[in-house]
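Colleague: Questions regarding the structure given below will be posed in turn.
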Amino acid sequence: MPKIPVEQLKPGMKLARPLQNSSGMVLMAEGTELTEARISKIENMGVDSVFIDGPSRPARPKEELLASLDRRFAKVEGNPDMALIKKAVREHIEAMYG
Amino acid sequence: MGNMDPKALRTRVENISNIPTIPSVLKQLSTIIENPKISLNEISHFVSKDPALTTKILQMVNSALYGFPGRISSVNHAVMLLGLNVVKGLLLSVSVFEIMHKAMIGLREHSIGVAIASKVLAQKKGLKEPEEVFVAGLLHDVGKVILTLVYPEDYDRTVKEAEAAGISIFDAERNHFSETHAAVAGWLSEKWHFPKKLCDCIANHHRPQVSTLAPLETAIVHMADILVKARGLGFSGDNLVPEVNSKAWETLGLAEADLREILKELEDSVEQTEEEFRA
């Protein structure tokens, strides 16, 4: 669920979260498909960015994330439960890069 | 130095309100939450005097984490829906969040992550009050904030010692203070008359096997802490994943697929809430 700056919004994108004003009133529901008209409406609200459906890619390269994962687990490698946790996190990280 | 007298440590921590460098909002708040007979009206009155605090509380309860986004408009309403105890915990955490950010960069993100993972785990295990476990997750490391407030230089040195020696912050704290952030937070949460289960979770999140009042909740916060550290979200004093307690692991009985599901939910929520709580 990436957060996209308003100037990069394109018709066809879908809101991953409802768009609310500062008092919590819902202005556009979750799942709303963006059109040119809706994008200019969002621009006029003074919103900087919105959550859009779809996977978000981490800012750092995958290799870097996996290397720091290894470092974090270095002291608990022998424990089979920890090995399972590490495996799940590794797969989770890999899935973020699609 | 090292090996501080645990009794002296406890006395100083429990009298945190007398320390001049403690931010006044925390002092006032600790007087409020210390009172076991505090009423809903008194809490509302205290919060309504501080518009920034009101906004932050409402922001937190209205975030998607609680499942009723945009519907809670007053502190009174929040107390009715979530209960006095949850609101007390939230009040403390929003006040502590600001200090947390200054005390240790990344601790706020770590705490939010653990709160979310705790809530997801609580729901997975069918607990009736996942919000209470959320608060336990949010506050599990509050002892680190207390230690940085009470002993700023010593704590700074402890973090550096942990890094230099490649040990966990937990072990470094024990070397330096004889006690750890978990014990410190346990003392204060008792003094603040937090619900007994919440005290148990906070004090024992590093040794869930000794929890008697809330073994499942404590195992959940313990596991949530490990998962957030494993994923590398935020910073809580070291970059090492602690070993899961075998009894807690057994209690939770999580398969790899469960872990991945929790990580996925954690990732999505963290991305969103970090923005909400940053203000």
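Colleague: Plugging the Kirkwood radius over Cα pairs into Stokes-Einstein for chain B, at a temperature of 37 °C and a viscosity of 0.692 mPa s, what D comes out in µm²/s?
Modeller: 175
Colleague: Could I ask something else about it? Ranking B:125, B:27 by Cβ neighbours within 10 Å, fewest first, what do you get?
Modeller: Least crowded to most crowded, the residues run B:27, B:125.
Colleague: Moving on to the next point. Could you compute the net charge surrounding residue B:191? Neighbours are other residues with a C-beta less than 9 Å from the C-beta of residue B:191; K and R count +1, D and E count -1.
Modeller: Around residue B:191, the charge tally is -3.
Colleague: Another question, then. Go ahead and estimate [θ] at 222 nm for chain B from helices alone: -39,500 (n - 2.57) per DSSP H run with n ≥ 4, summed, over the residue count, rounded to 500.
Modeller: -22000 deg cm²/dmol
Colleague: For the protein assembly as shown, report the convex hull volume of the alpha-carbon atoms normalised per residue, in Å³, without decimals.
Modeller: 143
Colleague: A follow-up question, please. So if the hydrodynamic radius of segment B:105-150 is defined as the Kirkwood radius over C-alpha pairs, what does Stokes-Einstein give as its diffusion coefficient at 37 °C and 0.692 mPa s, in µm² per second?
Modeller: Translational diffusion coefficient: 301 µm²/s.
Colleague: Shifting gears a bit: Placing unit charges on C-beta atoms (Lys and Arg positive, Asp and Glu negative, everything else neutral), compute the dipole magnitude of chain A about its Cα centre in debye, rounded to 20.
Modeller: With only Lys, Arg, Asp and Glu charged at Cβ, the dipole is about 220 debye.
Colleague: A further question follows. Lys/Arg Cβ at +1, Asp/Glu Cβ at -1, dipole of the protein assembly as shown taken about the Cα centre: which of B:40, B:146, B:181 is farthest positive-ward?
Modeller: B:40
Colleague: Now for a different question. Taking the Cβ-Cβ separation of residue B:49 and residue B:190 as r and a Förster radius of 25 Å, what is the calculated FRET efficiency to the nearest 0.05?
Modeller: For residue B:49 and residue B:190, the calculated efficiency is 0.40.
Colleague: Could you identify which residue out of A:42, A:85, A:52 has the top mean-square fluctuation in a GNM of chain A using Cα springs shorter than 10 Å?
Modeller: The residue that fluctuates most here is A:85.
Colleague: One quarter of the convex hull surface, Cα atoms only: what value does that give for segment B:1-141 in nm²?
Modeller: Across all orientations, segment B:1-141 yields a mean hull projection of 10.2 nm².
Colleague: Return P(r) of segment B:65-149 (all Cα-Cα pairs; 10 Å bins starting at 0; whole %; ordered from short to long distances).
Modeller: Result returned by the calculation: 18, 46, 31, 5.
Colleague: Please list, ordered by chain and number, the residues whose modelled amide H lies under 5 Å from the amide H of residue A:50; skip anything fewer than 5 residues away on the same chain.
Modeller: Close amide H contacts, sequence-distant or interchain: A:4, A:6.
Colleague: Here is a follow-up. Given segment B:61-215, report the % of alpha carbon pairs whose separation exceeds 27 Å. Provide the component values of the computation, followed by the final result.
Modeller: Values: 2840 of 11935 pairs.
Above the 27 Å cut-off, segment B:61-215 has 24 percent of its Cα pairs.
Colleague: Throw me the Rg/Rh for chain A, computed over C-alpha atoms with Kirkwood Rh, two decimals.
Modeller: Working: Rg = 19.0 Å, Rh = 16.0 Å.
Reported Rg/Rh (Cα atoms, Kirkwood Rh): 1.18.
Colleague: If you don't mind, another one. When the convex hull of the C-alpha atoms of segment B:145-207 is computed, what volume per residue in Å³ does it have?
Modeller: Considering the Cα atoms of segment B:145-207, their hull volume per residue is 73 Å³.
Colleague: Here is a follow-up. Among the lysines, which have Cα under 16 Å from the Cα of residue A:75 when same-chain residues fewer than 8 positions away are ignored?
Modeller: Candidates past the 8-residue exclusion: A:86, A:87, B:229.
Colleague: With each pseudo-label sitting 7 Å past Cα toward Cβ, what's the residue B:18-residue B:71 distance in nm, one decimal?
Modeller: Here the modelled spin labels are 4.7 nm apart.
Colleague: Compute, for chain B, the length of the dipole vector about the Cα centre, with Cβ point charges of +1 (Lys, Arg) and -1 (Asp, Glu) only. Units Debye, rounded to 20.
Modeller: 700
Colleague: Now for a different question. Report, to the nearest 10°, how far helix A:62-73 tilts away from the longest principal axis of the Cα atoms in chain A, using its own Cα long axis and a range of 0 to 90°.
Modeller: So the inclination is approximately 50 degrees.
Colleague: Under the √(5λ) rule applied to the eigenvalues of the Cα gyration tensor, what semi-axes describe the equivalent ellipsoid of segment B:173-279? Give them in Å, descending.
Modeller: In descending order the semi-axes read 23, 19, 15 Å.
Colleague: Quick one: grab Rg to one decimal and Dmax as a whole number for segment B:133-173, Cα atoms only, in Å.
Modeller: 11.6, 34
Colleague: Starting from the 7 Å offset along Cα-to-Cβ, what nm value, one decimal, do you get for the label separation of residue A:84 and residue A:40?
Modeller: Calculated label separation equals 5.7 nm.
None of the figures in this text is laboratory data; all of them are computed from the coordinates on show. Treat the numbers as computed from the prediction; the structure is a model and nothing was measured. Glycine gets a Cβ as well: all are built from the backbone with ideal geometry, and neighbour counts include every protein chain shown.
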